[in-house]
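Data block below; observations after.
The values are calculated or read from the model by the stated rules, or taken from the named source; none is laboratory data. Computed from a prediction, not measured in an experiment: that's the story for all the values here. No Cβ is skipped: glycine too gets one built from the backbone with ideal geometry, and neighbour counts run over all protein chains shown.
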Amino acid sequence: MSFYKFNRNDVFTNTLKLYPEVKFVIYSGSAYYNNTPNISGAFANPIRLTDAGNVSLYELNVDRAESSTGRTIGPDGIEDRGIIYPWIVKDGSRLNFRTSTSEAFNLKNPGDIITGSLYPYTASISKEYYSATDARFVAAVISQSVTGPTITSNGSVSNLRALKNTINYYRNISPHFEYSSSADSVTAGIHNRDFDSSSLGLVSMPSIFYGSQIKKGSVNLEFYYTGSLIARAQDIRRNGELVQTYGTSSLSGSVIGLVLYNEGFVILTSSVDLSVNQDYYTSSVGLSTTNWTYFGQSISGSIIAPNSSFNMIMSGTTNTQVITMFANAPKGELNHSNNPSFLTNGAETLISTGSFGYIESDTIEVKNIVSSSYPDPTGSFEKTTYISKVGIYDDEKNLIGIAKVATPVKKTAERDFTFKIKLDI
């Protein structure tokens, strides 16, 4: 076997930047990711144990049902629950799950089994609606006593209010990125706007769906009512402003929302009616007229909004490291094979064998496969091999990879080849 060392210019590492499309169809309380349907399995429904709009981490527990089997796993007697779940044994290393508290860990005895949450771990988009009267934060209540201040009620901050600094960070790009503004700009469409007292919609998307960031200018929102498109909004300026490009003329060209590309949020700011159509957007008993703040409302909780459906289309950004290797087959080399078919059929390879060794013939005839215009004799002899695989070895000559060609490559003494091998790392 011949070994060839990669030279300095034979190995390259590049970054491949890709923009995979991400599409969500939202209807009747469910979101469908890239048109993935809900499939029933033989033992689980749905087969992935999660909704079609979710991403399942590691894709574990496909078509598995949780049930007691009466069996144990391993020497520690771990219960076989028919489904994959993480577990560890408490020992001196003090290893623990991140979701388990230190207090709960300390109450365990050495040798006790600590279990984690069942797989699958999932991620999904979500929608929150804020009416003009909904509180964006609740202040903590602190009472004074003789012994000192005491917190009688914990405070809380909404997800929208938590994004205040992030929103203001991008105001140099557009005046619409202003959480609270006293400006009155007709051209910008801002009229004493305050996100703390406006009706807003907030769509959140985990980064597992889009990678490092959402591609700028790729966001496209479509609002459907009984299957008919009534409005569309796009970032035509590539600055995070969602501009209505289809629908009611009163909003044509107006900014109806914002996109936080690095953080994965869409903020819908326009509460202007899109049509006279109504649906159950905020409750199951009261009808509301369609507007952009209700976009994606079907996944905001118990709301179904049976007459409305929504499309959210965008492109993510992924950076993939790619290593490219050039494996060279030089002229005059790699023209011998240990395959028996390399020799003339019936040729005697061993002259003498014994208990302590053997002697090979030095006059073994190599098979001539050179084609000729006549069946006999054949063409002039030319040593020929066929390359079908290229092995990749580490510094200690351990085989770490094999590259196969679709069709074996004919190699003669006068030919040299370079095999280009690409591998995502």
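Do you know which of the residues in the range 295-338 that are aliphatic (A, V, I, L, M) and not in a strand (DSSP E or B) is farthest from residue 131 (Cα to Cα)? First the steps, then the outcome.
Here is the first cut: in the range 295-338, the ones aliphatic (A, V, I, L, M) are 299, 303-305, 312-314, 322-323, 325, 327, 329, 334.
In the following step, the residues that additionally are not in a strand (DSSP E or B) were identified as 299, 303-305, 334.
Working: 299: 17, 303: 15, 304: 18, 305: 17, 334: 75 Å.
Among residues in the range 295-338 that are aliphatic (A, V, I, L, M) and not in a strand (DSSP E or B), the one farthest from residue 131 (Cα to Cα) is 334.
Can you spot a residue in the range 142-152 that is without any contact (Cβ under 8 Å) to a residue 12 or more places away in the chain, assigned to a loop (DSSP other than H, G, I, E, B) and more than 30 Å from residue 77 (Cα to Cα)?
First, pick out the residues of the range 142-152 that are without any contact (Cβ under 8 Å) to a residue 12 or more places away in the chain: 142-152.
Within this subset, residues satisfying the condition of being assigned to a loop (DSSP other than H, G, I, E, B) are 146-147.
If we keep only those that are more than 30 Å from residue 77 (Cα to Cα) too, we end up with 146-147.
Yes, some residue in the range 142-152 is without any contact (Cβ under 8 Å) to a residue 12 or more places away in the chain, assigned to a loop (DSSP other than H, G, I, E, B) and more than 30 Å from residue 77 (Cα to Cα).
Filter the range 388-425 down to residues that are among the hydroxyl-bearing types (Ser, Thr, Tyr) and without any contact (Cβ under 8 Å) to a residue 60 or more places away in the chain and give me whichever is farthest from residue 367 (Cα to Cα).
As a first pass, look at the range 388-425 and keep what is among the hydroxyl-bearing types (Ser, Thr, Tyr): 388, 393, 407, 412, 418.
With the extra rule that they be without any contact (Cβ under 8 Å) to a residue 60 or more places away in the chain, the set shrinks to 388, 407.
Working: 388: 19, 407: 21 Å.
The qualifying residue farthest from residue 367 (Cα to Cα) is 407.
Restricting the search to the range 212-235, which residues are in a strand (DSSP E or B), surrounded by fewer than 21 Cβ atoms within 10 Å (Cβ to Cβ) and in contact (Cβ under 8 Å) with a residue 40 or more places away in the chain?
We begin by selecting, within the range 212-235, every residue in a strand (DSSP E or B); these are 220-225, 228-234.
Keeping just the survivors that are surrounded by fewer than 21 Cβ atoms within 10 Å (Cβ to Cβ) gives 220, 222, 224-225, 228-230, 232, 234.
If the condition is that a residue be in a strand (DSSP E or B), surrounded by fewer than 21 Cβ atoms within 10 Å (Cβ to Cβ) and in contact (Cβ under 8 Å) with a residue 40 or more places away in the chain, then 220, 222, 224, 225, 230 are the ones that fit.
Report, by residue number, each residue of the range 16-45 that is of a type in the set (Gly, Ala, Ser) and without any contact (Cβ under 8 Å) to a residue 60 or more places away in the chain.
Of the residues in the range 16-45, the ones of a type in the set (Gly, Ala, Ser) are 28-31, 40-42, 44.
Correct list: 40, 41, 42, 44.
Which one of these is within 22 Å of residue 20 (Cβ to Cβ), assigned to a loop (DSSP other than H, G, I, E, B) and not hydrophobic (A, V, I, L, M, F, W, C): 207, 271, 283?
Working: 271 fails: within 22 Å of residue 20 (Cβ to Cβ); 283 fails: within 22 Å of residue 20 (Cβ to Cβ).
That would be 207, the only listed residue that is within 22 Å of residue 20 (Cβ to Cβ), assigned to a loop (DSSP other than H, G, I, E, B) and not hydrophobic (A, V, I, L, M, F, W, C).
So which of 43, 137 ends up being over 32 Å from the mean Cα position of the chain (by Cα) and aromatic (Phe, Trp, Tyr)? Lay out the reasoning, then the answer.
Numbers: 43 fails: over 32 Å from the mean Cα position of the chain (by Cα).
Sole residue among the options that is over 32 Å from the mean Cα position of the chain (by Cα) and aromatic (Phe, Trp, Tyr): 137.
Give the range 43-57 a look and list any residue that's closer than 15 Å to residue 23 by Cβ and outside any strand (DSSP E or B), or say none.
Just the residues of the range 43-57 that are closer than 15 Å to residue 23 by Cβ, to begin with: 52-55.
Across the range 43-57, the qualifying residues are 52, 53, 54.
For (1) in contact with a Gly (Cβ under 9 Å, 6 or more places away or on another chain); (2) in the same structural domain as residue 194 (by TED's automatic domain parsing), each residue gets a yes or a no:
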residue	(1), (2)
249	no, yes
254	yes, yes
263	no, yes
295	yes, yes
303	yes, yes
309	yes, yes
326	no, no
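Do the conditions hold for residue 166, that is, is it modelled with pLDDT of 90 or more, under 36 Å from the mean Cα position of the chain (by Cα) and not in a strand (DSSP E or B)? Before the answer, list the steps.
Working: modelled with pLDDT of 90 or more: yes; under 36 Å from the mean Cα position of the chain (by Cα): yes; not in a strand (DSSP E or B): yes.
For residue 166, the condition - modelled with pLDDT of 90 or more, under 36 Å from the mean Cα position of the chain (by Cα) and not in a strand (DSSP E or B) - is met.
Is the range 345-366 home to any residue that is touching a residue at least 24 places away in the same chain (Cβ under 8 Å), surrounded by 15 or more Cβ atoms within 10 Å (Cβ to Cβ) and out of contact with any helix residue (DSSP H, G or I) (no Cβ under 7 Å at 6 or more places or on another chain)?
In the first step, residues of the range 345-366 are kept if they are touching a residue at least 24 places away in the same chain (Cβ under 8 Å); the result is 366.
Still in the running and surrounded by 15 or more Cβ atoms within 10 Å (Cβ to Cβ): 366.
Filter once more, keeping what is out of contact with any helix residue (DSSP H, G or I) (no Cβ under 7 Å at 6 or more places or on another chain): none.
There is no residue in the range 345-366 that is touching a residue at least 24 places away in the same chain (Cβ under 8 Å), surrounded by 15 or more Cβ atoms within 10 Å (Cβ to Cβ) and out of contact with any helix residue (DSSP H, G or I) (no Cβ under 7 Å at 6 or more places or on another chain).
Could you identify the single residue in 202, 160 that is part of a strand (DSSP E or B) and crowded, with 17+ Cβ neighbours inside 10 Å? Lay out the reasoning, then the answer.
On the way: 160 fails: part of a strand (DSSP E or B).
Going through 202, 160 in turn, just one is part of a strand (DSSP E or B) and crowded, with 17+ Cβ neighbours inside 10 Å: 202.
When you check residue 40 against the structure, is it assigned to a loop (DSSP other than H, G, I, E, B), outside the structural domain of residue 301 (by TED's automatic domain parsing) and at pLDDT below 85, yes or no? Even if it seems obvious, please write down each step before you answer.
Details: assigned to a loop (DSSP other than H, G, I, E, B): yes; outside the structural domain of residue 301 (by TED's automatic domain parsing): yes; at pLDDT below 85: no.
So residue 40 does not fit the description; no.
Can residue 295 be described as at pLDDT 85 or above and over 24 Å from residue 166 (Cα atoms)? Lay out the reasoning, then the answer.
Working: at pLDDT 85 or above: yes; over 24 Å from residue 166 (Cα atoms): no.
So residue 295 does not fit the description; no.
Identify the single condition in (1) assigned to a helix (DSSP H, G or I); (2) assigned by TED's automatic domain parsing to the domain that holds residue 209 that residue 341 does not satisfy, given that it satisfies every other one.
Among (1) assigned to a helix (DSSP H, G or I); (2) assigned by TED's automatic domain parsing to the domain that holds residue 209, residue 341 violates only (2).
Can you tell me which residue within the range 96-141, out of those that are among the β-branched types (Val, Ile, Thr) and not in a strand (DSSP E or B), is surrounded by the fewest Cβ atoms within 10 Å (Cβ to Cβ)? Give the steps one after another, and end with the answer.
We begin by selecting, within the range 96-141, every residue among the β-branched types (Val, Ile, Thr); these are 99, 101, 113-115, 122, 125, 133, 138, 141.
Next, from what is left, pick out any that are not in a strand (DSSP E or B): 99, 101, 125, 133.
On the way: 99: 9, 101: 10, 125: 22, 133: 7.
Only one residue tops the list, namely 133.
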